[in-house]
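Participant: Here it is, the structure in full.
The values are calculated or read from the model by the stated rules, or taken from the named source; none is laboratory data. The structure presented is a predicted model; accordingly, all values stated were derived computationally and were not measured. As a convention, Cβ positions derive from the backbone with ideal geometry for all residues, glycine included, and neighbour counts pool all protein chains shown. Just so you know, the surface numbers come from the protein's heavy atoms only, side chains and all, with ligands and any DNA or RNA stripped out. Shrake-Rupley method; radii C 1.70, N 1.55, O 1.52, S 1.80 Å.
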Amino acid sequence: MKSYLIDHLNKGTINFENIFKGTELELFGKDQIIALLEKEDIKIQRKVEELLSSNGVSIRKENITEWLKEVNEELKERDIANNLMIFWDEFTGIMDLENSGPLLTEVQNIAELSPKHGIYLFIISHRTPHHLKNKGKDEDVEKILGRFKLLEYSMESITTYHLIENSIKKKDKNQYNSLKNKNIS
């Protein structure tokens, strides 16, 4: 998948001279930064993103559903995964937003990717959408109820991360434990 950073650097929508001037990245030069990004150099990508962010420049894909489909296709092409599963924990704050409608529309669009594109969105909240009815958000409630299956689950001392860990099929238990222990260190 071609990086949006590369596209913006090539098109000149990021003013390289002004933003990169006086930084360590200026020493690399625009062409070398692009070459490193094409090689998927994550360190350079993070440095560029941090620099852009500190200068108030936001580079993002305009259409999140198209971006998710591209990511999922890339994962399939690289034989990393067949489907994409997204867990959005602590969704309660989104439902409490005064103008949550546009965001819930985007969430609804993502939910519609499930059957055809293998992109599954799980939203975890401490309240059901029915709690919004009292706040005059009937239309927002309908957006949620129309696309999501509600499952009430009483959380004990277990977290979402424990649920995810226990739901992942571990083909090679030794390799899994090795990776798990490596990430803890």
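Participant: Output the number of residues of the range 89-108 satisfying the condition of being open to solvent by 40 Å² or more (accessible area, probe 1.4 Å) and either among the hydroxyl-bearing types (Ser, Thr, Tyr) or at pLDDT 85 or above (or both).
Facilitator: Going through the range 89-108 one residue at a time, the tally reaches 1.
Participant: Also, I was wondering about something else. List the residue pairs whose Cβ atoms are under 7 Å apart, where the first residue sits in the range 158-169 and is closer than 14 Å to Met85 by Cα and part of a helix (DSSP H, G or I), the second is at pLDDT 75 or above and of a type outside the set (Ser, Thr, Tyr), and the two are 6 or more positions apart or on different chains.
Facilitator: From the range 158-169, the pairs are Thr160/Phe87; Thr160/Asp89; Thr160/Ile124; Ile164/Phe87.
Participant: Please give the number of the condition Asn183 fails out of (1) at pLDDT 70 or above; (2) open to solvent by 80 Å² or more (accessible area, probe 1.4 Å); (3) assigned to a helix (DSSP H, G or I).
Facilitator: (1)
Participant: Condition first: surrounded by 10 or more Cβ atoms within 10 Å (Cβ to Cβ) and either of a type in the set (A, V, I, L, M) or closer than 16 Å to Ser53 by Cα (or both). Now tell me which residues in the range 6-25 satisfy that.
Facilitator: Within the range 6-25, Ile6, His8, Leu9, Thr13, Ile14, Asn15, Phe16, Ile19, Phe20, Lys21, Thr23, Leu25 qualify.
Participant: For the range 13-24, give me the residue count where each residue is more than 26 Å from the chain's Cα centre (by Cα) and under 18 Å from Glu38 (Cβ atoms).
Facilitator: The qualifying residues number 2.
Participant: Separate question: Residues to consider are Asn63, Asn83; find the one that is at pLDDT below 85, within 17 Å of the chain's Cα centre (by Cα), within 30 Å of Glu142 (Cα to Cα) and of a type outside the set (A, V, I, L, M, F, W, C).
Facilitator: Only one candidate qualifies: Asn63.
Residues are listed down the side, and each one gets a yes or a no for (1) over 18 Å from Asn10 (Cα atoms); (2) touching a residue at least 60 places away in the same chain (Cβ under 8 Å); (3) out of contact with any Cys (no Cβ under 6 Å at 6 or more places or on another chain):
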site	(1), (2), (3)
Ile44	no, no, yes
Glu49	no, no, yes
Leu52	no, no, yes
Val57	no, no, yes
Asn63	yes, no, yes
Val71	yes, yes, yes
Lys76	yes, no, yes
Asp79	yes, no, yes
Asn82	yes, no, yes
